[in-house]
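Notes follow once the structure below has been shown.
The values are calculated or read from the model by the stated rules, or taken from the named source; none is laboratory data. Being a predicted model, the structure only gives us computed values, none of them experimental. Note: ideal-geometry Cβ built from the backbone for every residue, glycine included; neighbour counts use all protein chains shown.
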């Protein structure tokens, strides 16, 4: 799966600075949020910076494909604005939400077993299906698989089908980066997420792959393209 994730050339043309750190976690033992995951959220909230330059970059990216970021905010923008009151969803979702807030980085989490075919970041034609809202508009950047759209407007709204639940055992994570976000910070966010996932499930097997427009950089414990 991780080797098959694709960023379409139409997206690269739109934002050649885009990169995504793709991570998979196999053998998770998820469950309801508890004191540990609540502490991750509260600790991240203390570092939240809604004015981080990375948030500004994502607002500009949304405007580039016609979305109004004041109405459909990038996921990291929405999380940072309510960092002090983020609800606990489950241990895995709490983990990646906390890392997203702490590192000012959009992170998508998906149930890998619910995927049909590989994840692809592309531009919508307007004919795609989406189970959580109206279908995407032509020209909108979307994540999708063979079944339909898994996330609208790059990282705005996830579908129902692939959401991580307490029953999720294998997961896909997408850590999305634009300039001027430092590469070192991206890899640190990946390590922070891996650390939290191992705290939840010590036996979990984690792999990572970095996709970007030009060269591929590989972080500690991660596979290159």
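Just a few scattered comments:
Each row is one residue, and each column tells you yes or no for (1) surrounded by 14 or more Cβ atoms within 10 Å (Cβ to Cβ); (2) in contact with a helix residue (DSSP H, G or I) (Cβ under 6 Å, 6 or more places away or on another chain); (3) within 24 Å of residue 169 (Cα to Cα).
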residue: 31; (1), (2), (3): yes, yes, yes
residue: 36; (1), (2), (3): no, no, yes
residue: 46; (1), (2), (3): no, no, no
residue: 57; (1), (2), (3): yes, no, no
residue: 62; (1), (2), (3): yes, no, no
residue: 70; (1), (2), (3): no, no, no
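- Count of region 141-197 residues which are assigned to a helix (DSSP H, G or I) and either touching a strand residue (DSSP E or B) at 6+ places or on another chain (Cβ under 8 Å) or touching a residue at least 12 places away in the same chain (Cβ under 8 Å) (or both): 13
- Residue under evaluation residue 20, criteria (1) at pLDDT below 95; (2) in a strand (DSSP E or B), criterion not met: (1)
- Count - residues of region 131-177 that are surrounded by fewer than 21 Cβ atoms within 10 Å (Cβ to Cβ) and either more than 12 Å from the chain's Cα centre (by Cα) or closer than 16 Å to residue 24 by Cα (or both): 20
- Once region 96-114 is narrowed to residues that are in a loop (DSSP other than H, G, I, E, B) and touching a strand residue (DSSP E or B) at 6+ places or on another chain (Cβ under 7 Å), the residue that is surrounded by the fewest Cβ atoms within 10 Å (Cβ to Cβ) is 106.
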